[in-house]
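The next block holds one structure in the form of structure tokens; read it before the comments.
The values are calculated or read from the model by the stated rules, or taken from the named source; none is laboratory data. Everything numeric in this text was worked out from a predicted model, so none of it was measured. Positions of Cβ are generated from backbone atoms using ideal geometry, with glycine treated the same way; all protein chains shown enter the neighbour counts. For accessibility, only protein heavy atoms count, side chains too; no ligands or nucleic acids. Shrake-Rupley method; radii C 1.70, N 1.55, O 1.52, S 1.80 Å.
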Amino acid sequence: MSKPFYLKSAITAPTPTGDPAVADTVAQVIADIRERGDAAVREYSEKFDKWTPESFKLSHAKIEEIVAQVPQSVVDDIKTVQQNVRVFAQHQRDSLTDFEVETAPGVHLGQRNVPIAAAGAYAPGGRYPLVASAHMTTVTAKVAGVPHITACTPPIRGEIPAATVAAFHLAGADEIYLLGGVQAVASMALGTETIRKVDMLAGPGNAFVAEAKRQLFGEVGIDLFAGPTEVLVVADEHADPFIVAVDLLSQAEHGPDSPAVLITESEALARAALDHIDAILPEMPTRDFAGPAWRDHGQIIVVEDIEAAYALADTFASEHVQILTDTPRRALEVMNNYGALFLGEKTCVSYGDKVIGTNHTLPTRGSARYTGGLWVGKYLKTVTYQEVTSESASAELGKLCGRAARVEFFEGHARSGDVRAAKYAGAPLVWAPHDSTTRR
């Protein structure tokens, strides 16, 4: 098999680890909030966002006032998208069943899926107010059964992001705070005098937010370790090169470090797509992000055939993989490493990002090799329980436990088995200080 031909190579490899300066700054902010609570949160909000309202928490009346300012068409669209997310999330929840089985006479084992008690949902502001993040974090958590959701989103240049607030409210957030950055996620994770401590953090953010979630992981759960948005397109000779170009650039606009990769069997398709990118990119309103992303991290790779394209694509373990071929469902058979697949020309990654209903919080930086994205199951704890109702079964398990534990030199464990074997089957307790058997 011939080697892949790189029509365009990446200039800069993605950074596998974060910036040490960012990590140091985040660590200092977290430590300060841990020590001083609300006072520190207020100082950092003023420092980073120039935002120090009397209360960061929005009252119910204020939320209603903000939502009323959002155009009805936007509210209607938010409701439609959230319903799409809710329907898919409900199917996920329905696929997770509690059960109890009798694995042997008198031995009952069970499983329950229990929602966490409180979740923190974050939607960033900055250049792009990610309204869709409210759907993905909050609707999904509510379908899982999480009873309390704290939502945070920052002001944007001193203004309230009304559409994001509306999205959190309509999704079912129990509390909404106009608070951003490290101070937002740290206050939710640690708890302050006024902000309730949560059990899990979810939602995207800049490098500081991502680093804060990384450092707080363990004290709380997180959805994923976030990295730059990634897109990989697998295309055959029948693909439309204009659509290929548009779809690559649609994800490159996320940020200057977002990789966009095309793998194809057709050099003609590859060259045509590159020509379209060169023509479209200079006029894109988001070219200041998409341009550097494509220049530094964009790749176009030509391989021998479509099967080689699938095989190479799988080694990337990309966040988003779009299949623009005559038989796109072939990817379901031969690919395993991806955050989400988008099959055929009639769908696209942007549908997944914004409207279709699957969750857009997905693994990056190769982590699709070992994990999927945010889903209902992330908000659930799968727990087990055991009950032995048969004396004979308990006695036999006790004998087995005694032998198994002593192989590992766990004498205390062994004795827990021994006493049941003695009580229910009369086995001797050679280590007991007095009686050789326990009394009923």
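Please report, in debye to the nearest 20, how large the charge dipole of the chain is about its Cα centre when each Lys and Arg carries +1 at its beta carbon and each Asp and Glu carries -1 there.
Once rounded to the nearest 20, the dipole reads 1540 debye.
Based on the Cβ-Cβ distance from Phe225 to Lys79, what FRET efficiency comes out when R0 is 41 Å, to the nearest 0.05?
For R0 = 41 Å, the calculated efficiency reads 0.85.
Which of the GluC sites (Glu not before Pro) found in the stretch 380-440 are loop residues per DSSP with 15 or fewer other Cβ atoms within 10 Å of their Cβ?
Filter output for the stretch 380-440: Glu408.
Would you work out which of Ala10, Val75, Pro256 lies farthest towards the positive end of the dipole of the chain, given +1 charges on the beta-carbon of Lys and Arg and -1 on that of Asp and Glu, about the Cα centre?
Projecting each Cα onto the dipole axis, the largest value belongs to Val75.
Label-point separation (nm) for Glu159 and Ala13, each offset 7 Å from Cα along Cα-to-Cβ?
About 4.3 nm, to one decimal.
Starting from the Cα-Cα distance between Gln386 and His148, subtract it from 0.36 nm times their residue separation and give me the gain in nm to one decimal.
Here the answer is 82.8 nm.
Let me have the relative contact order for the stretch 141-185, percent, based on Cα pairs under 8 Å that are six or more residues apart.
49
Give me the orientation-averaged projected area of the Cα convex hull of the chain, in nm², one decimal.
The directionally averaged projection comes out at 28.4 nm².
Which Cα, out of Pro282, Ala189, Ser133, lies furthest along the positive dipole direction of the chain (beta carbon charges, K/R +1, D/E -1)?
Ala189
Placing +1 at every Lys and Arg Cβ and -1 at every Asp and Glu Cβ, with all other atoms neutral, what dipole size does the stretch 1-102 have around its Cα centre, in debye to the nearest 20?
Dipole size: approximately 560 debye.
Give the peptides 331-342, 208-219, 125-136 in descending order of average Cβ contacts within 10 Å, highest first.
Averaged packing, sorted descending, gives the order 125-136, 208-219, 331-342.
Using a Debye calculation, one point per C-alpha and no hydration shell, please list log10 I(q)/I(0) for the stretch 281-376 at q = 0.17 Å⁻¹ in order.
So the normalised log intensities are -0.89.
To the nearest 0.05, how large is the calculated FRET efficiency for Tyr6 and Ala68 if R₀ is 56 Å and r is the Cβ-Cβ distance?
0.55
Within the accessible area of the chain, what % is carbon and sulfur when the probe is 1.4 Å and the other protein chains stay in place?
Solvent-exposed carbon and sulfur of the chain make up 54 percent of the total.
Anything in the chain that counts as a DSSP H helix reaching 18 Å or more along its axis (C-alpha) with Kyte-Doolittle mean of at least 0.5? List them, would you?
Membrane-span-like by this rule: 267-280.
So for each of 101-111, 357-367 I average, over its residues, the number of other beta carbons within 10 Å; can you give me the resulting order with the highest mean first?
Output ranking for 101-111, 357-367: 357-367, 101-111.
Determine the gain in length on full extension of the stretch Asn336-Thr371; use 0.36 nm per residue of separation and subtract their C-alpha separation, reporting nm with one decimal.
11.5 nm
For labels at His434 and Ile356 in the simple 7 Å Cα→Cβ model, what's the distance in nm?
With each label point 7 Å from Cα toward Cβ, the separation is 7.1 nm.
Quick check: residue separation of Asp24 and His60 times 0.36 nm, minus the Cα distance between them. What number comes out in nm?
Between Asp24 and His60, full extension yields 9.3 nm more.
Counting only Cα atoms, I'd like the Rg/Rh figure for the stretch 163-217, Kirkwood definition for Rh.
That ratio is 0.96, to two decimals.
With r defined as the distance between the Cβ atoms of Met284 and Thr97 and R0 fixed at 56 Å, what FRET efficiency is calculated, to the nearest 0.05?
The value I calculate is 0.75.
Under the definition of Cα pairs under 8 Å and six or more residues apart, what whole-number percent is the relative contact order of the chain?
For the chain, the relative contact order is 18 percent.
Compute the relative contact order of the stretch 1-116 as a whole-number percentage, counting only Cα pairs closer than 8 Å that sit 6 or more residues apart in sequence.
Relative contact order of the stretch 1-116: 9 percent.
Tell me, what is the per residue accessible area of the chain in Å², probe radius 1.4 Å?
On a per-residue basis, 48 Å².
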